[in-house]
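Data first, discussion second: the structure below is written as structure tokens.
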């Protein structure tokens, strides 16, 4: 009895989506099929290897060396628990990464429901070069999931993203929600360089639809006139309320946005992982003091991207 094609496809999709590409915790990696403990389990482990380590996407955009080592070590342990006999292919794959040097950057790839992928070059360290903007944070994944559930909010609209970081949320919206134009923005020089690289890496340009641009936006100095010239319909931001020092400038910017459009105030969506309740409460208090009201929005329905769902994440819409 051979391994069924349908079973191979299901396992391959599962592995590709939930294991190597997203660098999730390897110890959550489980097989949900009794056939793995049958005489055909060797074929499944080989399939696993070819759907991850040897997959074309992983070869083109490899995850971190440390993650690949941990992934293959765990995969070998589980294979030998079931089969006992080692698989040369798994050890060959491990040998390729054991001697590899860990770099400060690595790729992370995310599968979209439409079948596309978003691949990003990110820093391995959460904080580097004086900024947190060189990695994808949970609120960006949450906001992207919400956008996939509410594509009509972005279709045909001009969108400004504040604090785009490495670009995950914006690239996902451009790939899935058909906006008219998307303006990525940040203020840190290194972040802007990485952001431009990732936008280009994912095939987005000013000359294509949607038209995209990457702009340096200083929250302290940008004027109402500059905001008005952007002609934005929608403004989004993820994980921008992370320190008390930036809250005042953020609220002033949001106030300018809400009062700077001749065609009516744009829709503003702010998504935050609440790590410090005092900082987040202070943000809401300053919004109120500036005459800005907010409404909490129900979170995404579909669970598309892997992140810690025990984190306290809240999304609000703003209005005057």
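The values are calculated or read from the model by the stated rules, or taken from the named source; none is laboratory data. What you are looking at is a predicted structure, and each value in this text was computed from that prediction instead of being measured. Neighbour counts are summed over all protein chains in view; Cβ atoms, including those assigned to glycine, are modelled from backbone coordinates with ideal geometry.
Would you please name the residue that is nearest to the chain's Cα centre (by Cα), looking only at residues in segment 189-224 that are in a loop (DSSP other than H, G, I, E, B) and under 24 Å from residue 109 (Cβ atoms)? Checked segment 189-224; the qualifying residue nearest to the chain's Cα centre (by Cα) is 202.
For residue 231, indicate whether it is under 20 Å from residue 139 (Cβ atoms), surrounded by fewer than 18 Cβ atoms within 10 Å (Cβ to Cβ) and more than 21 Å from the chain's Cα centre (by Cα). Criteria not met by residue 231. Hey, does segment 159-169 have a residue that's at pLDDT 95 or above, surrounded by fewer than 24 Cβ atoms within 10 Å (Cβ to Cβ) and within 17 Å of residue 240 (Cβ to Cβ)? Yes; the residues of segment 159-169 include at least one that is at pLDDT 95 or above, surrounded by fewer than 24 Cβ atoms within 10 Å (Cβ to Cβ) and within 17 Å of residue 240 (Cβ to Cβ). Residue 100 satisfies every condition listed in (1) touching a helix residue (DSSP H, G or I) at 6+ places or on another chain (Cβ under 6 Å); (2) over 17 Å from residue 58 (Cα atoms); (3) in a loop (DSSP other than H, G, I, E, B) except (2). For segment 79-95, a residue qualifies if it is touching a residue at least 40 places away in the same chain (Cβ under 8 Å) and part of a helix (DSSP H, G or I), and the qualifying residues are 82, 83, 89, 90, 93. Taken over segment 111-127, the criterion of being assigned to a strand (DSSP E or B) and either in contact with a helix residue (DSSP H, G or I) (Cβ under 7 Å, 6 or more places away or on another chain) or surrounded by fewer than 19 Cβ atoms within 10 Å (Cβ to Cβ) (or both) is satisfied by 111, 117, 118, 119, 120, 121.
On inspection, residue 208 qualifies as modelled with pLDDT under 90 and farther than 26 Å from residue 137 by Cα.
For segment 225-243, a residue qualifies if it is assigned to a helix (DSSP H, G or I), under 20 Å from residue 186 (Cβ atoms) and touching a residue at least 12 places away in the same chain (Cβ under 8 Å), and the qualifying residues are 227, 230.
Of all residues in segment 198-228, those satisfying the criterion of being under 24 Å from residue 176 (Cβ atoms), touching a strand residue (DSSP E or B) at 6+ places or on another chain (Cβ under 8 Å) and loosely packed, with under 15 Cβ neighbours inside 10 Å are 205, 206.
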